[in-house]
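K.L.:
Dropping a structure here in structure tokens format, bear with me for questions.
The values are calculated or read from the model by the stated rules, or taken from the named source; none is laboratory data. Since the structure is predicted, the reported quantities are computational estimates derived from the model, not experimental observations. Neighbour counts are summed over all protein chains in view; Cβ atoms, including those assigned to glycine, are modelled from backbone coordinates with ideal geometry. All accessible areas refer to the heavy atoms of the entire protein, side chains included, with ligands and DNA or RNA removed. Shrake-Rupley method; radii C 1.70, N 1.55, O 1.52, S 1.80 Å.
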Amino acid sequence: MKFVFLSLFLMLFSFTRGQIQVNVLSEDSNLPISYATIWLSNKVYATTDSLGVFYVNESNLNSTFKVEATGFNTLYEAKVIKNNTIFLKEKLITLEEVTLNLKRKKVIKETLGKLKSGNVGIVATKDKEISRIGKFFQDNSKSNLIIDKFRFKAFSSENNRIVSVLLYSVSEDGVPNEIINNETIICKLKKGSHTSEVDLSKFNIEFPENGIFVMVNYLFLDQNKKFSEYDPNWFFYEPSLDAITVKEFVDTWYNVNNEWQKNEKISLSFQLLLRN
């Protein structure tokens with residue numbers, strides 16, 4: 001399988017001189033926020049690790065960052081302050097009134113998308129602008145089903161690769177709009193080629209009439225790096241997502257420079273399972 005490299009801007013962070021550790025915390029609980037995305041000038045700058053930490057070069061200390069995390073209000077003008085901490089406020093979630101119908105229903109299940117072994121693998125490089133790629137799903141049955149599971153085919157050279165999964169609503173213009181899930185969804189991948197399954201049933205999300213986008217969000221962490229055997233300074237980020245080459249746009253979108261675009265060259269091997 002050949003690789004297609006998604007572009008992705010990343011400053012190479014490590015414990016070296018000239019870099020400042022920054023903690024991203026919840027303003028409400030004071031707990032660290034894992035896997036938040038840090039943007040600078042519409043490009044991904046870093047991802048916080050499991051402890052809510054990322055690093056800033058001294059040359060960027062006067063820069064204004066955008067900090068985005070699932071379940072929190074996006075901070076559009078974040079500055080690294082004296083104690084090197086950035087706080088995000090949790091989103092206020094309004095629960096709608098639910099009426100329970102205890103009458104037993106006939107079980108209805110639907111499967112959207114096909115899991116085919118790809119002829120290309122999609123990975124993310126360190127020096128470009130693309131960090132999220134996903135697929136548009138449409139359900140024409142009008143069955144009012146909820147989203148049950150998400151499956152995708154991918155390859156990892158090691159066991160410790162992780163990505164996050166984002167569900168986007170559809171805007172009036174037909175592009176990804178807002179993130180629907182209010183919790184971070186992390187998927188850990190096994191070594192080798194496997195089908196990964198993510199349980200989405202706990203979110204109780206009814207499949208929208210106008211469809212939904214399911215995105216894989218690359219996390220730019222050391223544990224996801226795959227270094228070249230020939231050049232120790234060159235690497236990309238795994239996992240490698242299975243995709244099929246196409247001659248025109250089918251269903252796949254990606255985010256470049258913080259803008260959504262159609263991908264006219266591939267269709268991802270993603271699948272969505274629905275149930276009542």
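K.L.:
Which percent of Cα-Cα pairs in the chain sits in each 10 Å bin, short to long?
P.N.:
6, 28, 34, 22, 8, 1, 0
K.L.:
Same structure again: For PRO208, what is the net charge nearby, where nearby means another residue's Cβ is under 12 Å from its Cβ and Lys, Arg count +1, Asp, Glu -1?
P.N.:
Value of the local net charge: -3.
K.L.:
Pairs LYS126/LYS262; LYS91/LYS265; LYS153/LYS226: which exceed 30 Å Cα-Cα?
P.N.:
LYS91/LYS265, as the Cα separations exceed 30 Å there.
K.L.:
Across the stretch 165-276, what fraction of all alpha-carbon pairs, as a whole percent, falls in each successive 5 Å bin from zero upward?
P.N.:
The calculated distribution, bin by bin, is 2, 9, 17, 21, 21, 17, 8, 3, 2, 1, 0.
K.L.:
Amide H of ASN263 versus every other amide H placed in the peptide plane: which residues, excluding those fewer than 5 positions away on the same chain, fall under 5 Å?
P.N.:
Amide H neighbours of ASN263: THR252, TRP253, TYR254.
K.L.:
Which value, in Å², gives the accessible area per residue of the chain when a 1.4 Å probe is used on the protein heavy atoms?
P.N.:
The answer is 55 Å² per residue.
K.L.:
Please report the carbon-and-sulfur percent of the accessible area for the chain; probe 1.4 Å, protein heavy atoms only, DNA, RNA and ligands left out.
P.N.:
The nonpolar share, carbon plus sulfur, comes to 47 percent.
K.L.:
On to the next question. Compute the label zone of GLN21 within the stretch 50-66: residues whose backbone N is under 18 Å from the point 7 Å along Cα-to-Cβ.
P.N.:
Those under the cut-off are 50-58.
K.L.:
Per the Kirkwood formula on distinct C-alpha pairs, the Rh of the stretch 236-276 is how many angstrom?
P.N.:
For the stretch 236-276, the Kirkwood estimate is 11.9 Å.
K.L.:
May I ask you to rank THR48, THR111 by accessible area, largest first, using a 1.4 Å probe over the protein chains only?
P.N.:
Heavy-atom accessible area, descending, gives THR111, THR48.
K.L.:
Which whole number in µm²/s is D for the stretch 134-198 by Stokes-Einstein, with the Kirkwood Rh taken over Cα pairs at 25 °C and 0.890 mPa s?
P.N.:
Translational diffusion coefficient: 177 µm²/s.
K.L.:
If you don't mind, there's one more thing I want to ask. For ALA46, enumerate residues with amide H under 5 Å from its amide H, sequence gap 5+ or separate chain, H modeled in the peptide plane.
P.N.:
ILE38
K.L.:
Can you grab the distance from the C-alpha centre of the stretch 110-150 to the C-alpha centre of the stretch 223-274, Å, no decimals?
P.N.:
The distance from the Cα centre of the stretch 110-150 to that of the stretch 223-274 comes to 11 Å.
K.L.:
Can you give me the long-range amide H partners of ASN181? Hydrogens built in the peptide plane at 1.01 Å from N, cutoff under 5 Å, separation of 5 or more residues or another chain.
P.N.:
LEU167
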